[in-house]
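Just below is one structure, and these are the notes that go with it.
The values are calculated or read from the model by the stated rules, or taken from the named source; none is laboratory data. Bear in mind the structure is a predicted one, so any value in this text is a computation, not a measurement. A quick note on method: Cβ atoms are made from the backbone with ideal geometry, for glycine too, and the neighbour counts reach across all protein chains shown.
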Amino acid sequence: MKICVLPGDGIGPEIIAEAVRVLQALAIGCEMEEGLLGGCAVDATGDPYPPATQALAQQADAVLLGAVGGPQWDNLPRAQRPERGLLGIRQQLGLFANLRPAILYPELANASSLKAEVVAGLDILIVRELTGDIYFGQPRGIEMRVVDGRQERFAFNTMHYSESEIRRIVRVAFEAARKRNRKLCSVDKMNVLETTQLWRDVANETAVEYPDVDLSHMLVDNAAMQLVRNPSQFDVLVTGNLFGDILSDEAAMLTGSIGMLPSASLDANNKGLYEPCHGSAPDIAGRGLANPLATILSAAMMLRYTFAQESAALRIENAVRKVLQQGYRTADIYEPGMQKVGTRAMGDAVLAAL
Ligand code: IPM
Ligand code: MG
């Protein structure tokens, strides 16, 4: 079990440290090696995804990532932005299938901005395509163009999907639905965008292979609304890269805190990159305040998907449930009467629960 550990920027190193301690405590023989990705890599080498990290990531079976980015790198040329490191590793490793579960832990029902009865029992999985779409379209820098006889700034990105790119992610989603409640909702904008007309067509064609799964379609604007109106109608959602980025943040917030949500990004052979859904939170970085649970739960997903260690994954997930039951809360999920803890103390509590 060779794991490439990329703490990244902001709160990344703090939350990764806790996940690494959890993996070590399981004593199941993980070999971990650290590398640089994102802003820290730019500072050290000028490159957000330097060759040494590329080699490490390619040789590993799995990558465990903290988060990248921060305001100090905002003015860099696009190719050097920390986010490019993340996009680069996703693309280079072919991690097209991004799984983002949103689960409401009953103990955190009050942390949600929605009424407790709306989010009760929430358990949805967003399957986001991760290596195509407008994210990897033909980019053009901001340039000057003549528009209506006047020079003005102009920019464009292209949205594109091929049939095979759509089919493979839709299949991942059907397979996931099969292991859950057999309901799949495909999200597109086919009333406007040709790319997503193709998406819908391919989803319908693929459905023939999965007669046991109930496929429905929803336009993305309606899906955004339905997620806050009645999220329990969903089981598995599948969508493209851009829509998935937006809807997964929205779904995360239903659960009370994005600080709780893990993710897996998989290639065709279950090699994967595992990272929390949240970002680098520069505002609280280095202060020991961040919630490490999303990263710890990402390590559990790694054990499940890449290493097929289901029982070790469940041990971690049960330990996280237990610390919530015991009342431990980082600031993002704190409510009066609970035991407020920082990053390290939360890690300690999970280790004790393990
Ligand atoms: C995410 C993030 C990234 C994305 C950024 C940091 C490039 O928002 O993983 O959701 O847009 O994919
Ligand atoms: Mg995002």
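Selection within segment 128-155: residues that are in contact (Cβ under 8 Å) with a residue 12 or more places away in the chain and of a type in the set (S, T, N, Q). The member of this set that is farthest from K189 (Cα to Cα) is Q138. Quick check: anything in segment 231-238 crowded, with 19+ Cβ neighbours inside 10 Å and at pLDDT below 95? No: segment 231-238 contains no residue that is crowded, with 19+ Cβ neighbours inside 10 Å and at pLDDT below 95. Just to be sure, is V220 among the aliphatic types (A, V, I, L, M), under 17 Å from E129 (Cα atoms) and in contact (Cβ under 8 Å) with a residue 40 or more places away in the chain? The answer is no for V220.
Between A203, A224, the distinction of being in a helix (DSSP H, G or I) and crowded, with 22+ Cβ neighbours inside 10 Å belongs to A203 only. Here L86 fulfils each of the conditions (1) assigned by TED's automatic domain parsing to the domain that holds A299; (2) at positive phi apart from (2).
Scanning segment 199-236 for residues that are within 19 Å of S164 (Cα to Cα) and either small (G, A, S) or within 22 Å of the chain's Cα centre (by Cα) (or both) yields W199, A203, A207. Quickly run through segment 278-306 and pick out the residues that are under 14 Å from A67 (Cα atoms), away from ligand 1 (no atom under 16 Å from the Cβ) and assigned to a loop (DSSP other than H, G, I, E, B). Result: G286, A290, N291, P292. Scanning for something within 19 Å of the chain's Cα centre (by Cα), under 20 Å from D348 (Cα atoms), buried (at least 24 other Cβ atoms within 10 Å of the Cβ) and among the small types (G, A, S), does segment 32-39 turn up at least one residue? No - not one qualifying residue is present in segment 32-39. For segment 266-277, residues that are more than 9 Å from ligand 1 (Cβ to nearest atom) and either among the charged types (D, E, K, R) or not in a strand (DSSP E or B) (or both) total 5. Residue-level analysis places L6 outside the set of residues that are surrounded by 24 or more Cβ atoms within 10 Å (Cβ to Cβ), outside any helix (DSSP H, G or I) and in contact with a Phe, Trp or Tyr (Cβ under 8 Å, 6 or more places away or on another chain). Filtered by the rule that a residue be within 16 Å of ligand 2 (Cβ to nearest atom), touching a strand residue (DSSP E or B) at 6+ places or on another chain (Cβ under 7 Å) and either farther than 23 Å from L261 by Cβ or part of a loop (DSSP other than H, G, I, E, B) (or both), segment 50-95 gives V68, L95.
Taking segment 40-69 as the range and being within 16 Å of ligand 1 (Cβ to nearest atom) and either at positive phi or surrounded by fewer than 18 Cβ atoms within 10 Å (Cβ to Cβ) (or both) as the test, only G69 passes.
Checked against (1) free of Cβ contacts under 8 Å to residues at least 60 places away in the same chain; (2) out of contact with any Gly (no Cβ under 7 Å at 6 or more places or on another chain); (3) surrounded by fewer than 18 Cβ atoms within 10 Å (Cβ to Cβ), V323 meets all criteria but (3). Residues in segment 265-279 that are buried (at least 23 other Cβ atoms within 10 Å of the Cβ) and small (G, A, S) were compared, and the one that is nearest to A120 (Cα to Cα) is S265. Apart from one condition, G256 fits all of (1) of a type outside the set (A, V, I, L, M); (2) buried (at least 23 other Cβ atoms within 10 Å of the Cβ); (3) away from ligand 2 (no atom under 16 Å from the Cβ); (4) part of a helix (DSSP H, G or I); the exception is (4).
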